[in-house]
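The values are calculated or read from the model by the stated rules, or taken from the named source; none is laboratory data. Keep in mind that this is a model prediction, so the values were computed, not measured. Every residue, glycine as well, gets a Cβ built from its backbone with ideal geometry; the counts of neighbours run over all protein chains shown. The area values use the complete protein model at the heavy-atom level, side chains included, leaving out ligands, DNA and RNA. Shrake-Rupley method; radii C 1.70, N 1.55, O 1.52, S 1.80 Å.
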Amino acid sequence: EVLEPLDAFQLTDDQKKEALRAFTVIKEKRDDTLRGRTVADGSTQQGKYTKAETGSPTVSSDALFMTILIDAFERRDVAVADVAGAYLHAYMKEFVALRLTGWTVDLLCEVNQDYEKFVVFEGKVKVLYVRCNKAIYGCVMSGLLWYELFTTTLESQGFTVNPYDFCVANATVEGSQCTVAWYVDGAKISHANPTVVSGIIDLLESKFGKMSVSRGTDHKFLGMNIKYKG
């Protein structure tokens, strides 16, 4: 559902000109494994929108540390969960095209042969235009689209976003406060009852798929090692 092939002969010159370049980023992680991600070059979109139209909030350091203090003081159960491919869960609200070239075209056609009939040559370059139905990494709107989706998901379950930090949300569950603080695709969930925390995780996984979850008194969130004692 992420990509949809486009007929190059049906695209206008402006649509072809505005099509974003796709490229693959390879990163070597600390454990020596390699991670690859194909992203869109959204630099050409910079002038189309204001910062207010594309800016996605992230939890502030102050708010994060305050929630950590509350978790420790109230001896809450805490879990940290990461959503896999977070942006790809959000739908694009407008037309965004990607322009794939060379070997990336061959790879995509190998995965889905239906794409082969949409391949064209521009000069000597093999080209495939596709529409982004989901929020691809690199597009300037993707971060905000994911934030809106995650926020509305929490609000639909009775959470209220904190007016002082838009990446902290609270709900009263079983007479006690449940808090979710998040930074893009990583969320810290806390409540006095471990069963409630598990329920929130189940809720998020039903919406966004299986997540990477850590529980207990030792967590890593935003690159910080967080230890709860008490």
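Only one of Tyr164, Tyr147 is within 23 Å of Gly42 (Cα to Cα) and among the hydroxyl-bearing types (Ser, Thr, Tyr); which? Among Tyr164, Tyr147, only Tyr147 is within 23 Å of Gly42 (Cα to Cα) and among the hydroxyl-bearing types (Ser, Thr, Tyr). Assess whether Lys93 counts as being open to solvent by 70 Å² or more (accessible area, probe 1.4 Å), at negative phi and in contact with a helix residue (DSSP H, G or I) (Cβ under 8 Å, 6 or more places away or on another chain). Spelling it out, Lys93 is indeed open to solvent by 70 Å² or more (accessible area, probe 1.4 Å), at negative phi and in contact with a helix residue (DSSP H, G or I) (Cβ under 8 Å, 6 or more places away or on another chain). Cβ-Cβ distances below 8 Å connect the following pairs, each with a first residue in segment 60-83 that is within 15 Å of Asn162 (Cβ to Cβ) and touching a residue at least 40 places away in the same chain (Cβ under 8 Å), a second residue that is open to solvent by 40 Å² or more (accessible area, probe 1.4 Å) and part of a loop (DSSP other than H, G, I, E, B), and a separation of six or more residues or different chains: Ala63/Asn162; Ala63/Tyr164; Leu64/Leu222.
Entry remark, segment 1-15: residues being more than 17 Å from Thr104 (Cβ to Cβ) and surrounded by 10 or more Cβ atoms within 10 Å (Cβ to Cβ) number 3 in total. Taken over segment 194-215, the criterion of being open to solvent by 50 Å² or more (accessible area, probe 1.4 Å), more than 24 Å from Ala90 (Cα to Cα) and among the polar types (S, T, N, Q) is satisfied by Thr195 alone. When the residues of segment 17-61 are filtered to those that are at pLDDT below 75 and open to solvent by 50 Å² or more (accessible area, probe 1.4 Å), which remaining residue is nearest to Leu108 (Cα to Cα)? The selected residue is Thr44.
Annotation: Ala86 fulfils all but one of (1) of a type outside the set (Ser, Thr, Tyr); (2) touching a strand residue (DSSP E or B) at 6+ places or on another chain (Cβ under 6 Å); (3) surrounded by 13 or more Cβ atoms within 10 Å (Cβ to Cβ); the unmet one is (2). Gly138 falls short on exactly one of the conditions (1) under 19 Å from Arg37 (Cα atoms); (2) in contact with a strand residue (DSSP E or B) (Cβ under 6 Å, 6 or more places away or on another chain); (3) open to solvent by less than 10 Å² (accessible area, probe 1.4 Å), and that condition is (3).
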